[in-house]
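Taking it in order: structure first as structure tokens, then the write-up.
Nothing in this text is a laboratory measurement; each read-out follows from the coordinates by a stated rule. Not measured: the values here are computed from a predicted model. Cβ atoms come from the backbone with ideal geometry, glycine included; neighbour counts cover every protein chain shown.
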Amino acid sequence: MSVKNSVVVVGGGIMGVQAAWHLAQLGQTVTVLDQFDVPNQWAASGDHLRVFRLTYGKDRFYTEMARKALPLWLELNTLSEETLLQQNGVLELATKENGYEAQSLAVLKESGVRCERLEPTELRRRLPMYSPRAIKWALFHPDGGMIWANRAVAATASIAQRKNVRIRSNVRVTQILKDKNGVRAVKDASGRVWEAERFLFTAGYWTGELLKSYGIPIKLTRQEQLFLRPLSNRGRYRPEHFPVFASLSQGFYGFPVHLHGFIKIGNHNKGPVVKKADPDQLRSLTPKFEKSCRSFLRKFMPELADFTEFEGHVCWYDNTPDNDFILDKLPDVPNAYIAAGFSGHGFKFAPIVGKSMAELMVAGKSELNLHRFRLARFKLKKPR
Ligand SMILES: Cc1cc2nc3c(=O)[nH]c(=O)nc-3n(C[C@H](O)[C@H](O)[C@H](O)COP(=O)(O)OP(=O)(O)OC[C@H]3O[C@@H](n4cnc5c(N)ncnc54)[C@H](O)[C@@H]3O)c2cc1C
């Protein structure tokens, strides 16, 4: 029996499945198409962990948006009966008195978010792995933590399926079919045509390619991460004792031990721009990145710096020129939408992005003001 879709979502990463679930809650008949499995290891959402932080320096908008996402993550924890958002807190290491962390602290206080300023001696008392010489002070917010990313995709997909959302894996959309009324259907690599009243494109770092005719300015950067096993004192790096850490002035962030006793470290500073993501590089590591992790650790967490067991992981950011997301309707058609360009910091917002896109697509406007994320801030090509 064929089902008449009100919405087809192209891309089953966290944004696609969250939007699908919210669309279903608004009474829509939804099918999600993904070129691989949902979740899959090539997608940005297919990794194990993502940071959930409420701090964005002086940028109140993102702090507010993270605050709006928080109850939705907690609701997902309840519905899935899993700890997808694990609130083990986020600790941010300040190397100067009046930098990014001081701006974050001011915004958190103003917004009534629970937070603490820790002086070096207190930091050392609580978390003896940190070197008080390198750190001027630290900002701790206990409501932050880490999201089990691929499990969150799987759990959302399964909750959405209970609301009759259909998830179709191994369906690669290759063509968008338009007529005078807008987008009529999408066609997959096997030639099958998927019709719907409305379409949402959430194809992650493949979105630029899929919507090539619009010339959406998304640039991919190659981002390295390193997994290392502490040589000693492993117990004190467990999530119950060791919060997510970040030193955004250096770009570094990291997670407690998880998966076979490994800690993960990444760097949020933008890596080299690449034309295309290369899946063969997924498990690679450059000596340069390994060296930079060691020197960061030597300075901030010396007992971790001489790691001997380690491996690399590569992921790609889908960056917009201003690092703000794209959450909008496509300009030339009345029935197709885009949620992309998450620029390496979207995961934490996924539930509020999904909810807002669903509202925009069904009611024409969302409770969250999406003005900052409109496509019109860029010069686009006139689509064919
Ligand atoms: C290394 C790294 C670290 C990050 N750290 C954080 C963090 O700590 N905190 C945070 O908030 N965010 C973080 N992010 C960002 C976050 O992971 C992403 O913003 C988020 O996962 C994007 O989700 P998405 O659904 O848009 O894309 P994806 O998860 O990439 O999903 C897109 C899906 O679309 C499918 N697809 C693509 N093309 C087609 C097609 N033609 N047909 C059918 N299906 C298609 C793909 O197979 C894929 O499953 C990080 C990102 C990276 C890469």
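Mean residue ellipticity at 222 nm, helices only, the chain: -8000 deg cm²/dmol; runs of at least 4 DSSP H residues each add -39,500 (n - 2.57), and the sum is divided by the number of residues.
For the range 108-146, the residues whose amide N sits under 15 Å from a probe point set 7 Å from the Cα of residue 305 along the beta carbon direction are 129-135.
What FRET efficiency comes out for the pair residue 110/residue 180, r = Cβ-Cβ distance, R0 = 51 Å, nearest 0.05? So the FRET efficiency works out to roughly 0.50.
Of 298, 234, how do they rank once you tally other Cβ atoms within 10 Å and put the fewest first? Walk me through the numbers before you get to the answer.
Numbers: 298 15, 234 12.
Sorted ascending by nearby Cβ count, the order is 234, 298.
Legend: ranking of residues 308, 207 from fewest to most surrounding C-beta atoms inside 10 Å; resulting order 308, 207.
Subtracting the Cα-Cα distance of residue 291 and residue 193 from their residue separation scaled by 0.36 nm leaves 30.3 nm. Phi angles across the range 293-299 convert, under the Karplus curve 6.51 cos²θ - 1.76 cosθ + 1.60 with θ = phi - 60°, into 3J(HN,Hα) values of 5, 4, 6, 4, 5, 4, 7 Hz, Gly and Pro given as x.
For residue 52, the amide hydrogen comes within under 5 Å of the amide hydrogens of 145, 146, 147, counting only partners 5 or more places away or on other chains and with H modelled in the peptide plane. For residue 137, nonlocal amide neighbours, meaning residues 5 or more places apart or on other chains whose placed amide H falls under 5 Å from its own, are 94.
For residue 211, the amide hydrogen comes within under 5 Å of no other amide hydrogen, counting only partners 5 or more places away or on other chains and with H modelled in the peptide plane.
Reported value for the range 267-330: 139 Å³ per residue, from the convex hull of its C-alpha atoms.
Grouping the Cα pair distances of the range 120-168 into 5 Å bins from zero gives a pair-distance distribution of 5, 16, 15, 11, 10, 7, 8, 8, 8, 9, 4, 0 percent in increasing distance order.
Label the range 272-384 by shape, choosing from rounded, prolate and oblate, from the square roots a ≥ b ≥ c of the eigenvalues of the Cα gyration tensor; if a/c is under 1.5 it is rounded, and otherwise prolate applies when a/b is larger than b/c, oblate when it is not.
Details: a/c = 3.11, a/b = 2.21, b/c = 1.41.
Here the range 272-384 falls in the prolate category.
For the chain, what's the relative contact order in percent, using C-alpha pairs closer than 8 Å and at least 6 residues apart? Write out the running numbers ahead of the final one.
On the way: 844 pairs, mean separation 87.0, N = 384.
Dividing the mean separation by the residue count of the chain yields 23 percent.
With neighbour counts taken as other beta-carbon atoms within 10 Å, the residues 10, 274, 38 rank, fewest first, as 274, 38, 10. A simple rule links phi to the HN-Hα coupling: the Karplus curve 6.51 cos²θ - 1.76 cosθ + 1.60 with θ = phi - 60°, which for the range 35-51 gives 5, 10, 7, 10, x, 9, 6, 7, 6, 4, 7, x, 7, 7, 10, 9, 7 Hz, with x for Gly and Pro.
Each residue of the range 20-27 was assigned a 3J(HN,Hα) from its phi angle through the Karplus expression (A = 6.51, B = -1.76, C = 1.60, θ = phi - 60°), giving 4, 5, 5, 4, 5, 5, 8, x Hz with x at Gly and Pro.
Using a/c under 1.5 as the rounded threshold, could you call the range 1-40 rounded, prolate or oblate? The axes a ≥ b ≥ c are square roots of the C-alpha gyration tensor eigenvalues, and prolate needs a/b larger than b/c, oblate otherwise.
oblate
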